[in-house]
Amino acid sequence: MVGPKQSLQPIEAQIESFTHDGRGVARVDNKVWFIEGALPGEQVSFCQSGKRRSFNHGVLQKVIHPAADRVVPQCPVFGICGGCALQHVNLVGQVRLKQQFLVEQLARAGVLSEAKLAKPITGPGWAYRRKARLGVRLVPKKGGILVGFRERHKSYITPLDTCLVLDQSVASLLPGLPALVESLSCPSRLPQIEVAVGDGGRVALVFRTLEPLLKNDLLRLTDYGRVKDVAVYCQFAGPDSINCLHSPDPPVLHYDLEAGELRLEFRPTDFVQVNSFVNQSLIAATLDGLELSPGNKVLDLFCGIGNFSLPLATRVDSVLGVEIEPRMIAQARANVALNRIENVEFECRDLYGAELAGWRPGSFSHLLLDPPRSGALEVVKSLVPELVPLKIAYVSCNPATLARDAAILVDRGYQVESVQVVDMFPQTAHIESLLLLGRK
């Protein structure tokens, strides 16, 4: 049945460009259309699926003239599952589309020409994802418990028996998770399973519940962890409520950097970059781009567990890492101690709050920024003019906020030296990038 916002009348159009979330953009009778499944350069027919005052939504019906990069998606639930958005494009084409979108954002902000483009950082296109949050929902009409990613642009769960982008040590567990959840006393009160994989294939599962589990539930999950050789955690409230069911001292997840010279440990709920191979290449490109020397001092903002701070410490005089989350700072300090590094310090501080205005961290020759999607607006507006670093590396996961912040830095006397796409999330529309700036 066609809903009130849908139309079966097909419309033909030429796709002109691409949106940040992977939809094709066309203009028909001076109206902008966002068309699911269409690619730039294609001639397509589509049907209306939604209507707004300034634009309409469409759903692809037929590709009349396909783009050269179009391929057949490998996943049977592609187009429904929200985990991926670009499986219908080959890997080279995916990177090209991401680069085009990034350049458009930066050019619109007046801070970039294509001459500044560096070679994209890429890696494996499949089985790369070591961190994910799987949605869980009890839907009796669909057979019971569903476990998977949410549907594209919807809150429904796409049930997954496998996943081509997840690390296969996690993907292999997917078929048995619905029965495990359904065997618990409160299956409708378990909305999420967070998964994490460390080097060597060590797997952790965090079962997030809306209420404490019963003793029999805990025993059942403990048995599951022993049989599957995974670390099983429960979390029924905030971060402090997480506990491992195997022991109070669970096995530690870790990943290695600098050809195994550094080891970073992390908890299952810590933020880490999801793509191990690309992360290592990104760190190398960032450190090389900063052109560091032994006498330099680096300020690493939004430092997390020390992903950049520890490699930086091997090349410079000193590093100060700053992060708002106390648990992340505690883990970063533990990683420094683990690696016996003595020239790194960490500080817990809100890099968005009012306290930033009065903060005087000292003198630094270089600045590294790795903010969340909201960017680093307060830092570039108030802190950079005080620090005046020689070089800035900005690692971004949102081209829009990167362009905004880069425009401010250019106004503050910096120039863009290079920018490159970092394909941290192949098969998705997510765009990570590295922007390097130097003083004029």
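If you check Val344 against the conditions, is it buried (at least 16 other Cβ atoms within 10 Å of the Cβ) and more than 28 Å from Gln99 (Cβ to Cβ)? In short, yes. If you check Leu338, Leu387, Leu299 for being farther than 24 Å from Val422 by Cβ and either in contact with a Pro (Cβ under 7 Å, 6 or more places away or on another chain) or modelled with pLDDT under 95 (or both), only one passes: Leu387. Taking first residues from the range 94-118 that are assigned to a loop (DSSP other than H, G, I, E, B) and partners that are surrounded by fewer than 16 Cβ atoms within 10 Å (Cβ to Cβ) and modelled with pLDDT of 90 or more, the Cβ contacts under 8 Å between residues at least 6 apart in sequence or on separate chains come to Ser113/Ala107. For Pro389, are the conditions met, namely being touching a residue at least 12 places away in the same chain (Cβ under 8 Å), surrounded by 22 or more Cβ atoms within 10 Å (Cβ to Cβ) and under 21 Å from Leu292 (Cα atoms)? Spelling it out, Pro389 is indeed touching a residue at least 12 places away in the same chain (Cβ under 8 Å), surrounded by 22 or more Cβ atoms within 10 Å (Cβ to Cβ) and under 21 Å from Leu292 (Cα atoms). When Leu299 is tested against (1) within 18 Å of the chain's Cα centre (by Cα); (2) surrounded by 16 or more Cβ atoms within 10 Å (Cβ to Cβ), just one condition goes unmet, and that condition is (1). Count of the range 283-304 residues, restricted to those that are within 12 Å of Val344 (Cβ to Cβ) and of a type in the set (A, V, I, L, M), is 2. Applying a threshold of 9 Å to beta carbon distances and a minimum spacing of six or more residues, or different chains, the list of pairs starting in the range 311-322 at a residue that is charged (D, E, K, R) and ending at one that is part of a strand (DSSP E or B) reads Arg315/Val298; Asp317/Lys297; Asp317/Val298. Against the criterion of being modelled with pLDDT of 95 or more, assigned to a loop (DSSP other than H, G, I, E, B) and surrounded by fewer than 22 Cβ atoms within 10 Å (Cβ to Cβ), Leu292 qualifies. Going by the structure shown, is Gly50 under 20 Å from Lys154 (Cα atoms) and part of a strand (DSSP E or B)? Yes: the conditions hold for Gly50. If you take the residues in the range 404-439 that are part of a loop (DSSP other than H, G, I, E, B) and of a type in the set (D, E, K, R), which one is surrounded by the fewest Cβ atoms within 10 Å (Cβ to Cβ)? By that ranking, first place goes to Arg412.
Summed over the range 365-386, the residues that are surrounded by fewer than 19 Cβ atoms within 10 Å (Cβ to Cβ) and either without any contact (Cβ under 8 Å) to a residue 60 or more places away in the chain or in contact with a strand residue (DSSP E or B) (Cβ under 6 Å, 6 or more places away or on another chain) (or both) give a count of 8. In summary, Val379 fulfils each of the numbered conditions (1) out of contact with any helix residue (DSSP H, G or I) (no Cβ under 6 Å at 6 or more places or on another chain); (2) closer than 23 Å to Ala313 by Cα; (3) not in a helix (DSSP H, G or I) with the single exception of condition (3). The set of residues from the range 19-46 being in a strand (DSSP E or B) and either buried (at least 17 other Cβ atoms within 10 Å of the Cβ) or free of Cβ contacts under 8 Å to residues at least 12 places away in the same chain (or both) comprises Gly24, Val25, Ala26, Trp33, Phe34, Ile35, Glu36, Val44, Phe46.
Could you check the range 50-104 and list, in sequence order, the residues that are among the aromatic types (Phe, Trp, Tyr) and in contact with a strand residue (DSSP E or B) (Cβ under 7 Å, 6 or more places away or on another chain)? Phe55, Phe101 - these are the residues of the range 50-104 that are among the aromatic types (Phe, Trp, Tyr) and in contact with a strand residue (DSSP E or B) (Cβ under 7 Å, 6 or more places away or on another chain).
The values are calculated or read from the model by the stated rules, or taken from the named source; none is laboratory data. Everything numeric here is computed off the predicted structure, so don't read it as measured data. As a convention, Cβ positions derive from the backbone with ideal geometry for all residues, glycine included, and neighbour counts pool all protein chains shown.
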